[in-house]
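Worksheet: the structure to be examined is printed underneath.
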Amino acid sequence: MSQHVSLRITLAALLASLLAGCSQPTRVASAWHGEPVGAPADQVMVIAVSPDLNGRRMFEDLLVGRLAQSGNTAWASSRKIDTATPLNRDAVERAVQETGATLVVVTRLVDQELDISEQRGRTEVKVQRRHEVPLDFFRYDYEMLEQEPYLVAKSTIHLSTDVYGVQAGALLYSINLIIYAAESREEVMSEATRAIAGRLRKDGLVR
């Protein structure tokens, strides 16, 4: 196989792998419930509704960190409410009173779809010098090595976030997220918290 042919094959394989990695962007939709708020809040209680305490805490900590980046003070409910205490209205109200939060952001899982597909193995080029001639750069043999196919599990995740105003005691705003082709829980949490914090800032609910 000539060097030019092998180079074309390698570039084609690289392009195919890049295209295979492309997925739909996260879908973000939001809506006000009543009139938009005036000045943005900067003290936020963050709640993730989940029976998994570790997952809940990870999500809340990530969102707290993203909100803090733009100057907000935020608290993770899992660090303000005792883990033995059920996550209910009374527990949240006590945490809000303790912290002085003026906004409560509640996120929950709505739906999850799992897709399992077979992924073609990566193609590699094995290069071997034909003769031990240091200055002859083109005397090589090329062998295409293709790995075995393998299974890839990807999830489409639908999350809903409701934002409550403490002073008004009412639902102010909602965000719906659909995250496509996620391969790990960490990927979902990172993308979801980025999207939620960004939309809250964009629509003036927080700094």
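The values are calculated or read from the model by the stated rules, or taken from the named source; none is laboratory data. Quantities reported herein were computed from a predicted structural model and do not represent experimental measurements. When we count neighbours, we look across all protein chains shown, and the Cβ atoms used for this are built from the backbone with ideal geometry, even at glycine.
What is the residue count in segment 173-205 for residues that are in contact with a Lys or Arg (Cβ under 6 Å, 6 or more places away or on another chain) and not small (G, A, S)? Residues meeting the conditions: 4. Among the conditions (1) exposed (fewer than 13 other Cβ atoms within 10 Å of the Cβ); (2) modelled with pLDDT of 95 or more; (3) outside any helix (DSSP H, G or I), A101 misses just one, which is (1). Being surrounded by 11 or more Cβ atoms within 10 Å (Cβ to Cβ), over 22 Å from S30 (Cα atoms) and at pLDDT 95 or above is true for just one of R66, R94. Which residue is that? Result: R94 is the single residue among R66, R94 that is surrounded by 11 or more Cβ atoms within 10 Å (Cβ to Cβ), over 22 Å from S30 (Cα atoms) and at pLDDT 95 or above.
Taking every residue in segment 73-86 that is aliphatic (A, V, I, L, M) and at pLDDT 90 or above and pairing it with any residue that is assigned to a strand (DSSP E or B) and crowded, with 16+ Cβ neighbours inside 10 Å, at least 6 positions away or on another chain, the pairs with Cβ-Cβ distances below 8 Å are A74/Q43; A74/V44; A74/M45; A74/V46; A76/V46.
Scanning segment 33-68 for residues that are of a type outside the set (G, A, S) and without any contact (Cβ under 8 Å) to a residue 12 or more places away in the chain, we see that the one that is farthest from R94 (Cα to Cα) is E35. When you scan segment 41-53, do you find a residue that is at pLDDT 95 or above, exposed (fewer than 15 other Cβ atoms within 10 Å of the Cβ) and under 20 Å from V166 (Cβ atoms), even just one? Looking through segment 41-53, at least one residue is at pLDDT 95 or above, exposed (fewer than 15 other Cβ atoms within 10 Å of the Cβ) and under 20 Å from V166 (Cβ atoms).
Condition check ((1) within 19 Å of the chain's Cα centre (by Cα); (2) part of a loop (DSSP other than H, G, I, E, B); (3) not β-branched (V, I, T)) across all residues:
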residue	(1), (2), (3)
P36	no, yes, yes
A39	no, yes, yes
N54	yes, no, yes
F59	yes, no, yes
L62	yes, no, yes
G65	yes, no, yes
R94	no, no, yes
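Taking the criterion of being in contact with a Ser or Thr (Cβ under 8 Å, 6 or more places away or on another chain) and of a type in the set (A, V, I, L, M, F, W, C), the residues of segment 154-173 that qualify are L159, V163, V166.
Quick one: what pairs do we get from segment 170-187, first residue in contact (Cβ under 8 Å) with a residue 40 or more places away in the chain, second among the basic types (K, R) and part of a helix (DSSP H, G or I), C-beta under 6 Å, 6+ apart or different chains? Note: pairs meeting the criteria are I175/R199. Please indicate, with yes or no, whether at least one residue in segment 151-166 is more than 26 Å from the chain's Cα centre (by Cα), modelled with pLDDT of 95 or more and within 30 Å of E93 (Cα to Cα). Checked segment 151-166: at least one residue is more than 26 Å from the chain's Cα centre (by Cα), modelled with pLDDT of 95 or more and within 30 Å of E93 (Cα to Cα).
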